[in-house]
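Data block below; observations after.
Each reported figure results from applying straightforward, stated rules to the coordinates on display, with no laboratory input. Note that the structure is a prediction, hence the values are computed from the model and not measured. So basically every Cβ, Gly included, is an ideal-geometry build from the backbone, and we count neighbours across all protein chains shown.
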Amino acid sequence: MVANGRFDHKKIRDYALRKGKVDHQDGREVFLFPTDNLSAGDAPTGKPSTGSLPVTKQANWNSVTFLNDHRIAIVEGASIAPLLGLFEVSAGGDPARERAARVAGAAVFAITRVPAIPENFSPGGPQSAQLMSLARSVQWITLAGRPEGSNLRVSLEGECQSATEARTLQAALELFRLIGRAGLESSKTRESMDPAALEVLETALKTADVSATAERVRILVELTPDILKLNGPRKSQ
């Protein structure tokens, strides 16, 4: 995954020294973080690590490296070789650069290449197989947010392998939206949900715009300040 933002290089490096380790690959500083429960406390001495964990059991790693001052890349595994193979940092070879340019006006965005779903993975049933086929067609996902007055406009875009797959995915998302709206009309659902949350979901499902252009499918939702109130403290009745 590649993301733009304001990242504190020093804090990330210090955290890597305490919880993981720092490596150098292809002239880049790479921060490695264990994905299991392995930590500095697992060292035989019980003392914090200073850049190289005394590994007493097998650890899996996630790699983080800076592409520039405001862009980081996160790679599954201890090597950034897959990153360098997919994201050439030259101006003409970065497949994320063109996608980033399309959301240049966003206040925040994230771009990720979708990992391959194994062919033998299917929860079961013909409908599930169809859903898995649609999921496998999505190659890239771009999430972007931009303030619009007091609201926040959020765009979630999936890039498929073909325009046909994009239109099929659009139709499936529209169907899910109809099913979701119908589910919210259930008296059992309305009784069990918080009224404020119910109103937000109803508005989101009603106003969300699902469109397909060439190989891309986009869901556009405008979030109002009411959504923020759901996470805030509730007033006593």
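Proximity of backbone amide H atoms, modeled 1.01 Å from N, is registered between Gly77 and Trp61, Asn62, Ser63 at under 5 Å, excluding neighbours fewer than 5 places apart on the same chain.
Projected over all directions and averaged, the alpha-carbon convex hull of the stretch 164-206 occupies 3.0 nm².
Take the Cα of His9, step 7 Å toward its Cβ, do the same at Ser150, and the gap between the two points is 4.1 nm.
Would you mind getting me the FRET efficiency between Arg177 and Asp26? Use the beta-carbon distance for r and R0 = 35 Å, nearest 0.05.
0.20
Using a simple spin-label model with pseudo-atoms 7 Å out from Cα toward Cβ, Ala116 and Ser187 lie 5.2 nm apart. The alpha carbon convex hull volume per residue for the stretch 105-209 rounds to 145 Å³.
For Ala208, nonlocal amide neighbours, meaning residues 5 or more places apart or on other chains whose placed amide H falls under 5 Å from its own, do not occur.
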